[in-house]
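Input: a single structure, listed below in structure tokens.
The values are calculated or read from the model by the stated rules, or taken from the named source; none is laboratory data. The shown structure was predicted, so the numbers you read here are calculated from the model rather than taken from an experiment. All Cβ positions, even for glycine, are placed from backbone atoms using ideal geometry, and neighbour counts span all protein chains on display. The accessibility values were calculated without ligands, DNA or RNA, using every heavy atom of the protein model including side chains. Shrake-Rupley method; radii C 1.70, N 1.55, O 1.52, S 1.80 Å.
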Amino acid sequence: LTDMTQREEARAEILRLACDESRACNPDCLAVFADMLPALADRDAALAARLMQLPTVGQLLEQARGSDPGRLHEARQVLRAGLTEALESWLLSLCQRPCEEVYVYSADAVAQRSLANTAMGLLVDYSATHAGIAVRRFQSARNMTDEAAALTSLVHAGLPEAGKCLEDFSRRWAHESLVMDQWFMIQASAPVSGVVARINQLIGHPDYDTTRPNRVRAVLGQFANANPVGFHQADGSGYQLLCDQVAKLDVTNPQLASRLLGALSIWPHLDDVRREAACRALRSIDQALISADLGETLGRLLLA
């Protein structure tokens, strides 16, 4: 009940902020979270971490028809910043706990890692002055969960420290294909400016291989499904990129191409500008030159 109630309260506050030009958080909403989260974390760290993560823009888009993903993202960032400011001392205390020397897989250990990494993500996103927290965790991590979380927080906040950490990560794990998939995923899902250009760079990377479905999903799948801010550009460049790449992929893997294009099934929920851009990108795919699998998905989307 607490999970559902508080997540609904967070969702309502983000939707309110998206329509409020002043972009001022409701102090009562912040007070509820500030009073509740530290005590809840002592009883149920997993639940506290889940509440701190807030509803995603993708989840909000499914519930708020005709919404502008950019405004939803900005509103969500306002609430994240408000929560971080209200809980900064407590969040810092969570991050100051030493990293595990030996990796333990248990419900409690997973919950504690999630709590600490969520706190780190909030702090780094809130202020570049906290970048050192993520850099230190990245350097001292004894497990992939902490290492990837630290890298994600730096990349998604668009901080300069991310560059060297990305280089270090790829150099250390270049021989591990599944780990390198995470390297691609972290960048493809980053809600930063110029993300469409970043996706094109990843597609042109020597380790990007269209014959490896996991690698394709790590880039195109993450971009289309886990980066609503970057994917739903008002000019339609994100939609066009996906449609162009799907048409090329269809030659060798029509099933994967069809599944990837399914990310555009959300287009009827978007605002007028983006709906028009999505339809334009979908219609740019030549139905005479594609497989039956992709053709079926494309036809269904165009009739939505």
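Placing unit charges on each Cβ (+1 for Lys and Arg, -1 for Asp and Glu) gives the stretch 203-304 a dipole about its Cα centre, and among Leu249, Leu289, Gly221 the Cα reaching farthest toward its positive end belongs to Gly221.
Placing one identical point scatterer on every Cα of the stretch 66-166 and ignoring solvent, what is log10 I(q)/I(0) from the Debye formula at q = 0.22, 0.24 Å⁻¹? Debye curve over Cα of the stretch 66-166, log10 I(q)/I(0) at q = 0.22, 0.24 Å⁻¹: -1.14, -1.26. Can you grab the distance from the C-alpha centre of the stretch 104-125 to the C-alpha centre of the stretch 213-258, Å, no decimals? If we compute the Cα centre of each part, the gap is 30 Å.
Distance from the alpha carbon centroid of the stretch 159-181 to that of the stretch 187-206 works out to 15 angstrom.
The residues of the chain expose, per residue, 47 Å² of accessible area to a 1.4 Å probe. For Leu270, the residues whose amide H sits under 5 Å from its own are Gly66, ignoring neighbours fewer than 5 places away on the same chain, with H placed 1.01 Å from N.
Near Arg65, once Lys and Arg are set to +1 and Asp and Glu to -1 for all other residues with Cβ below 15 Å from its Cβ, the sum equals 0. Accessible surface comparison of Ser114, Ser89, probe 1.4 Å, protein chains only, largest first: the order is Ser89, Ser114. Round to a whole number: what % of the accessible area of the chain belongs to carbon and sulfur, probe 1.4 Å? Summing carbon and sulfur atoms, their accessible area is 52 percent of the total for the chain.
Put Tyr208, Tyr103, Tyr126 in order of accessible area, highest first, and with a 1.4 Å probe you get Tyr103, Tyr126, Tyr208.
Backbone geometry of the stretch 175-191 corresponds, through the Karplus equation with coefficients 6.51, -1.76 and 1.60 at θ = phi - 60°, to 3J(HN,Hα) couplings of 8, 10, 4, 5, 5, 5, 4, 5, 4, 5, 4, 4, 6, 5, 9, 6, x Hz, x marking Gly and Pro. Here Ser67 sits with roughly 20 square angstrom of accessible surface, probe radius 1.4 Å.
Computed as a quarter of the hull surface, the mean projected area of the alpha carbon convex hull for the stretch 188-304 stands at 6.5 nm². Here the stretch 1-150 is treated as a Stokes sphere of Kirkwood radius computed over C-alpha pairs; at 37 °C and 0.692 mPa s its diffusion coefficient rounds to 204 µm²/s.
Would you calculate, for the chain, the mean residue ellipticity at 222 nm contributed by helices, counting each DSSP H stretch of 4 or more residues as -39,500 (n - 2.57) and dividing by all residues, to the nearest 500? Please list the in-between numbers first.
On the way: 18 runs with 212 residues, N = 304.
It comes out at -21500 deg cm²/dmol, rounded to the nearest 500.
Relative to the longest principal axis of the Cα atoms of the chain, helix 131-140 runs at roughly 90 degrees. Applied to the stretch 150-163, the Karplus parametrisation 6.51 cos²θ - 1.76 cosθ + 1.60 on θ = phi - 60° returns per-residue 3J(HN,Hα) values of 5, 5, 4, 4, 6, 5, 6, 7, x, 8, x, 5, 5, x Hz, with x for Gly and Pro. Between helix 27-43 and the chain there is an angle of about 80 degrees, using the helix long axis and the longest principal axis of the Cα atoms. Taking the Cα atoms of the stretch 51-124, the ratio Rg/Rh between the radius of gyration and the Kirkwood radius comes to 1.08.
How much accessible surface area, in Å² rounded to 10, belongs to the heavy atoms of Asp35 with a 1.4 Å probe? Roughly 120 Å² of Asp35 is accessible to a 1.4 Å probe.
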